[in-house]
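Encoded as structure tokens, the structure appears first; notes follow it.
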Amino acid sequence: MKNFSNIFICITLVFLGYTNTYSQEEQKKKSPISFDVSADLVSRYIWRGAQYGGSSPNIQPNLALNIGNFQIGNWSSYSLGGNNFVQEFDFFLSYTFIKEMFTVTLTDYYFPNDTVNYNYYDFKNTQTGHVLEGMLGFNGTEKVPISLFVAVNFYGADAIRLNDDPASADFNERTGIQYSTYAEISYSTNVKKVGFDVFLGMNLSKPKEANVTDGFIGESGYYGDNIGIVNLGLTASKAIPVTDRYEIPVSVSLITNPQAKKVYAVFAISF
């Protein structure tokens, strides 16, 4: 039954992608305002060298509104099964400038948990589940197919220390954030209609400990315990023709996290 459900989801997404692709392209040509509607089905969810949701496939819908050089949207990820069920629900706002070479992005990361009574609208810095990240990226050019970005967590659940005293009024509240920082550089090229992206990502922040002698340190840092390479790999992508007017992009990624000593292979199909 689970396999049938996954096949049904794939077929549904194919039809959605077929009906939306051309209307989106025509809308972009006629107006500075347009919508992007898409979804990815990935064999597992690997983000910046870390695995989320165990080894289960994930469906990842995306909805965005484009207004000139601005884009606002939502990107989500939902595990399709397994013991480590994970959801992610992110909003983002970006602005591209200087001939589309640079982009600045604000992202609100959130991980809903249906097994507990979570409060999405709790934005108090010491207890919220949200993480706000600021990112600046160089998108490369035709002559320089190299992209680079740096991202910093600056608010929310990037904890230095949690209060672990159940008798305390501020039990489980954080005393600060790590300002976890990640940077990535990638190179893109094409060989016989196959796109290749080589990427290297680094954790640039060493987790900080609060100046206390009791309690426990919260998160060790989003990307690792030490400064160093956490995301190294290669993605090969190709568009598979379905009809004369429609094709489906697929990709295979080989990823390793040298700091965590992990390796992953990921297949993705986009609609």
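In table form, for the structure just shown:
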| quantity | calculated |
| --- | --- |
| Among (1) part of a strand (DSSP E or B); (2) of a type in the set (A, V, I, L, M); (3) over 16 Å from the mean Cα position of the chain (by Cα), the one test that VAL152 misses | (3) |
| Subset of segment 248-266 (residues that are of a type in the set (A, V, I, L, M), part of a strand (DSSP E or B) and either over 17 Å from GLY53 (Cα atoms) or in contact (Cβ under 8 Å) with a residue 12 or more places away in the chain (or both)) | ILE248, VAL250, VAL252, LEU254, ILE255, ALA265, VAL266 |
| Whichever residue in segment 113-135 is modelled with pLDDT under 90 and either outside any loop (DSSP other than H, G, I, E, B) or in contact with a strand residue (DSSP E or B) (Cβ under 8 Å, 6 or more places away or on another chain) (or both) and, among such residues, is surrounded by the fewest Cβ atoms within 10 Å (Cβ to Cβ) | ASP114 |
| Some residue of segment 161-170 being surrounded by 14 or more Cβ atoms within 10 Å (Cβ to Cβ), hydrophobic (A, V, I, L, M, F, W, C), in contact (Cβ under 8 Å) with a residue 24 or more places away in the chain and farther than 26 Å from THR103 by Cβ | yes |
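The values are calculated or read from the model by the stated rules, or taken from the named source; none is laboratory data. Values in this document were obtained by computation on a predicted structure and should not be read as measured data. So basically every Cβ, Gly included, is an ideal-geometry build from the backbone, and we count neighbours across all protein chains shown.
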